[in-house]
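Below is one structure, written out as structure tokens; comments come after it.
The values are calculated or read from the model by the stated rules, or taken from the named source; none is laboratory data. None of these values were measured; they are calculated from a predicted model. Accessible surface areas use protein heavy atoms only, side chains included; no ligands, DNA or RNA. Shrake-Rupley method; radii C 1.70, N 1.55, O 1.52, S 1.80 Å.
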Amino acid sequence: MERRNFLKAATWGIAAVAAAKGVFAADKYFPVKVDPQLFENINRVKDPMNETPLEKSHAPFITAPEAVKAGESFTVEVSVGRVLHPMGQAHWIEFIELNVGNEPAGRVDFQSMGFLSPKAMFTVVLAKEAAPEGRLTLIVHQRCNLHGYWESTKDISVA
Ligand SMILES: [Fe+2]
């Protein structure tokens, strides 16, 4: 074998071993198969009248008053999801975050040990200027380690 061909073959061999090790490392680091499409976009319920099992257990379920008064506190409760999502070392909810309109309002982070249920309660006070047209959208995000980033919204009126 010519020296040039030997070096070429050796380089391909090293590349093949590195690629194989990479695959094994990925399998070890992510032992559970995931649907990569769930991680490409923000996931939302597609048809509220016909939620899929995945949507039922991942779309944040928001409980908040339909109408609130500026300057008075109210409670926004969030659970993931309508059917409570499991919490364990292989599959858990990483965080829940609340946005008031376009403004980030707060966030709760969860560990994977399963001590907590994926629920959060936020006490909110809105200034009149926060909703100049008398309406506002609460936007909640959550992230599941296996099923990606999810969003739900709820419109409220502010007097
Ligand atoms: Fe999940």
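Taking a ≥ b ≥ c as the square roots of the Cα gyration tensor eigenvalues, with a/c under 1.5 meaning rounded and otherwise prolate when a/b beats b/c, else oblate, which class fits the stretch 88-139?
Prolate, because a/c is 1.5 or more and a/b exceeds b/c.
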Leaving ligands, DNA and RNA out of it, work out the accessible area of residue 143 with a 1.4 Å probe and give it in Å² to the nearest 10.
70 Å²
Report in % the part of the accessible area of the stretch 95-159 that belongs to carbon and sulfur, leaving out ligands and nucleic acids; probe 1.4 Å.
51 percent
Descending accessible area (1.4 Å probe), largest on the left, turns 92, 150 into 92, 150
Send over a whole-number figure in Å² for the accessible area per residue of the stretch 69-159, probe 1.4 Å.
54 Å²
